[in-house]
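For reference, the structure is listed below as structure tokens.
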Amino acid sequence: MAETRSGEAAIPDRQLLIRGGRIYDHDGDIDDPAVRDVLVRGSRIASVTAPDEELELKREIARRATVSDEARVIEARGKLVIPGFVNSHYHSYDVLAKGLLEDMPFDVWALHSQPAYFGRRSKAEIRARTLLGALECLRSGITTLQDMNSLVPQDEETLDTILSAYAEIGIRVVFSIAVRDVAALDIAPFLPADVPEAAMAIIRGAPKDAREEIAFVERQLGRLNPLPPRLSWGLSPSGPQRSSRALLEGIGDLARRYQLPIFTHVYETKAQTAKARAIYGEHGGSMIRHLGDVGLLTPRTTIAHGVWLTRDEMTLMAEHGSGIAHNPISNLKLKSGVAPMQAAMQAGVRVALGCDNCSCGDCQSMFQAMKMFCLLAAVGDPNPTGVRAADAVRAATLGGAHAMGLDGEIGAIRAGMKADLVIIDLDDVAYQPLNSVARQLVFSETGRGVETTIVDGEIVMFERRIATIDEAALRDELADVMPTFRRDFANIAEANRLAVPYLLAANDRLKAHDVGMNRFVAS
Ligand SMILES: [Zn+2]
């Protein structure tokens with residue numbers, strides 16, 4: 001079966017039979033999933049059938065598998081097959097900063113992690129960090145990620161280095177170039193009056209030109225069209241408060257003309273919320289209404305975080321079909337507050353899940369994200385909340401698919417959909433005894449059970465061995481680039497330390513600032 005859709009290379013009629021596994025079906029028995037065989041042809045699922053159906057065909061594939069590489073059988077008895085997870089919010093630029101930071105509020109963390117402070121990095125470093133982040137995702141059953149990436153410098157070589165690393169490792173990526181033309185840290189308006197100029201220069205950053213940002217993005221949409229298989233485009237203003245009206249309208253125009261999904265940070269922190277109240281006066285201080293005004297509140301829009309949304313704003317988002325990429329771990333690690341996900345779901349806002357940066361979650365694990373999604377509902381409500389394991393699995397798969405603009409393509413195991421599949425070992429202690437697949441996937445699995453990861457019909461990891469890259473060679477590449485990265489990281493932290501006390505003072509002032517809601521638990 002040759003693929004003819006634009007952006008997909010012709011794939012020969014390879015066949016993969018995954019035999020005898022329990023197949024997770026969102027609409028089926030999620031506690032005790034039925035045993036089924038999944039037949040993959042090329043990049044797509046051809047059929048999902050009971051073991052005694054299509055027996056002749058299955059025997060023929062098994063026979064072919066013994067003589068040809070064009071057919072393969074994976075025995076999945078005693079295993080669970082789930083749709084690959086969609087990591088709906090992620091940035092690959094700080095993968096190498098994993099484990100370097102903790103106990104920092106958002107804006108202080110930004111001083112240590114934002115690409116603008118790091119300047120140009122070597123191609124070897126960009127390649128190594130891109131591969132490493134993708135590798136971590138694949139190992140934990142993530143088959144699609146949304147990389148919202150700030151290119152520094154914003155040039156084609158940097159972009160091509162990242163995209164070729166993704167093409168090599170074989171993960172599905174919706175890639176967006178993060179743009180902003182307002183450089184200052186979000187908390188800047190709340191600084192005390194006595195900030196010395198040297199610290200202000202760090203906090204203020206260097207603004208950019210909206211037209212140049214849009215022109216660069218549009219040039220890449222034209223130049224890299226189509227992208228290699230598994231890669232596609234998204235659009236990302238970094239955040240409304242970091243963008244002029246012209247920049248946001250320019251992104252809206254590109255989204256309409258190229259029919260692309262939009263991802264942007266909204267209401268991650270109280271500082272951003274307070275700033276919105278101050279600068280969006282004509283919209284009652286609402287960042288969401290401002291997004292609507294500039295044409296960015298659409299069914300293709302997904303906001304990352306949404307910690308400080310009001311109920312009215314959730315209703316407005318639901319009316320426009322916009323969604324949230326919920327990042328429970330980074331929200332907590334950066335002290336941003338607890339997102340009102342129960343209320344958002346009740347309002348009808350669609351939900352996806354993300355793991356966010358490697359320096360503010362330190363782990364690309366949808367298992368952690370799903371569990372926290374369910375557990376955090378208890379922070380605001382001692383009663384049953386209706387946020388269940390099955391909702392978390394849906395958000396991590398179907399919700400992500402919708403956010404990526406890949407509805408009907410990924411997120412479920414159905415004939416005709418892309419074969420993005422993960423095989424999990426049910427002999428793992430997380431599933432012993434097996435009482436409920438959905439609950440044990442969300443509350444018991446740590447990632448240990450993930451054995452095999454298939455993306456676009458390709459076996460990217462088989463029985464925990466990555467098939468597409470040489471992991472030992474990647475560790476060598478990392479060893480080569482880390483001395484320079486560590487030295488630069490330490491120098492940046494030292495240079496920016498000057499600004500930290502003022503940011504903490506601003507953060508402290510914000511504690512008492514009324515934005516009409518609270519997203520912290522009072523102690
Ligand atoms: Zn982010």
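The values are calculated or read from the model by the stated rules, or taken from the named source; none is laboratory data. Predicted model only: the values in this text are computed from it and were never measured. FYI the Cβ positions are ideal-geometry reconstructions off the backbone, even for glycines, and counts take in every protein chain you see. Accessible surface is based on the protein model in full, side chains and every heavy atom, while ligands, DNA and RNA are left aside. Shrake-Rupley method; radii C 1.70, N 1.55, O 1.52, S 1.80 Å.
Observations
- The range 153-239 - percent relative contact order, Cα under 8 Å, separation 6 or more: 50 percent
- 3J(HN,Hα) along the range 149-166: 10, 8, 8, 10, x, 7, 9, 6, 5, 4, 4, 5, 4, 5, 5, 6, 5, 5 Hz, from the Karplus curve 6.51 cos²θ - 1.76 cosθ + 1.60 with θ = phi - 60°, whole Hz, x for Gly and Pro.
- Amide H to amide H, with H built 1.01 Å from N, His26 comes under 5 Å of Ile413, counting only residues 5 or more places away or on other chains.
- Helical contribution to [θ] at 222 nm, DSSP H n ≥ 4, -39,500 (n - 2.57), averaged over the chain, rounded to 500: -11000 deg cm²/dmol
- Note on the chain: with neighbouring protein chains present and a 1.4 Å probe, carbon and sulfur make up 51 percent of its accessible heavy-atom surface.
- Built amide H within the under 5 Å cut-off of Leu353, gap 5+: Ser88, His326, Gly400
- Net charge of Cβ neighbours under 12 Å - reference Ile171; Lys, Arg +1; Asp, Glu -1: -3
- The listed residues Phe367, Phe520 rank as Phe520, Phe367 when sorted by accessible area, largest first, using a 1.4 Å probe.
- Cα centroid of the range 171-250 to Cα centroid of the range 266-312, whole Å: 17 Å
- Summing charges over all other residues whose Cβ lies under 9 Å from the Cβ of His305, with Lys and Arg as +1 and Asp and Glu as -1, gives -2.
- Dividing the mean sequence gap of close Cα pairs (under 8 Å, 6+ apart) by how many residues the range 318-448 holds gives a relative contact order of 22 percent.
- For the chain, the relative contact order works out to 21 percent when only alpha carbon pairs closer than 8 Å and six or more residues apart are counted.
- Remark: the range 316-325, residue by residue, has Karplus-estimated 3J(HN,Hα) of 4, 4, 4, 4, 8, x, 7, x, 10, 9 Hz, where x stands for each Gly or Pro and the curve is 6.51 cos²θ - 1.76 cosθ + 1.60 at θ = phi - 60°.
- Exposed GluC sites (Glu not before Pro) absent - longest run of the chain, DSSP non-H/G/I/E/B, at most 13 other C-beta within 10 Å: 103-462
- In the structure shown, the pairs Lys98/Lys371; Lys98/Lys208; Lys208/Lys270 are assessed against 27 Å; a Cα-Cα span above that value is assigned to Lys98/Lys208.
- Reported to the nearest whole Å, the Cα centre-to-centre distance from the range 450-523 to the range 78-153 is 6.
- Residues of the chain: accessible area per residue with a 1.4 Å probe, Å²: 39 Å²
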